[in-house]
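The values are calculated or read from the model by the stated rules, or taken from the named source; none is laboratory data. What you see is a predicted model; the values in this text were computed from it and never measured. No Cβ is skipped: glycine too gets one built from the backbone with ideal geometry, and neighbour counts run over all protein chains shown.
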């Protein structure tokens, strides 16, 4: 593969890694809004924590307005006791925690993929062969992201946690979607370019076509 192809793949993986890390850190994969009289609550469910914002309006203020009291707090999620992970929500807790593990695993695969791409850019003698290892690593990165996304989507669509029947996808869910789509496209791009380079096509291999390596 040409050096340019490795550079493009590197930045694509870095972008995917960034989207993945941000989605892991954000607490809004799924969001539930509730309103009772003058009280509004927004609960955001992330892969590792849940955050709740409560807003209560009181009559008062100038010109017949109202005064609002806002409270925002977060805690680890899912919690063994508070979220009943040892009782009725056991399956949900296992599934949600597994999604978090796969999202973290995807970060590791992305980091190793970036190192392999840097190695491919800086070592011309192995550039023609290392694309296979890069494709595998980027593919594993994409697979881990897809598993994490699928697990979260399953809990959402099936309301594995009862309150999820009122949930909506949040910003982290969208970022997670973009991450696995970009990872799949990156994997496909590395495979197509690498195979084309192996066949000696100039657009992929550069000005010098590849020659078989003597055994």
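Remarks
- Residue 32 satisfies every condition listed in (1) surrounded by 12 or more Cβ atoms within 10 Å (Cβ to Cβ); (2) at pLDDT below 80; (3) assigned to a strand (DSSP E or B) except (2).
- Which numbered condition residue 160 fails, given (1) at pLDDT below 95; (2) in contact with a helix residue (DSSP H, G or I) (Cβ under 9 Å, 6 or more places away or on another chain); (3) exposed (fewer than 15 other Cβ atoms within 10 Å of the Cβ); (4) under 28 Å from residue 90 (Cβ atoms): (3)
- For residue 114, the test of being at pLDDT 90 or above, farther than 26 Å from residue 152 by Cα and in contact with a helix residue (DSSP H, G or I) (Cβ under 7 Å, 6 or more places away or on another chain) is passed.
- Filtered by the rule that a residue be in contact (Cβ under 8 Å) with a residue 12 or more places away in the chain and not in a loop (DSSP other than H, G, I, E, B), segment 76-100 gives 76, 91, 92, 93, 95, 96, 97, 98, 99, 100.
- Scope segment 1-25; condition surrounded by 20 or more Cβ atoms within 10 Å (Cβ to Cβ) and not in a helix (DSSP H, G or I); matching residues: 1
- Filtered residues of segment 163-175 (kept if surrounded by fewer than 13 Cβ atoms within 10 Å (Cβ to Cβ) and assigned to a helix (DSSP H, G or I)): 163, 165
- Among the residues here, residue 152 qualifies as out of contact with any strand residue (DSSP E or B) (no Cβ under 7 Å at 6 or more places or on another chain), in a helix (DSSP H, G or I) and either free of Cβ contacts under 8 Å to residues at least 12 places away in the same chain or more than 25 Å from residue 197 (Cα to Cα) (or both).
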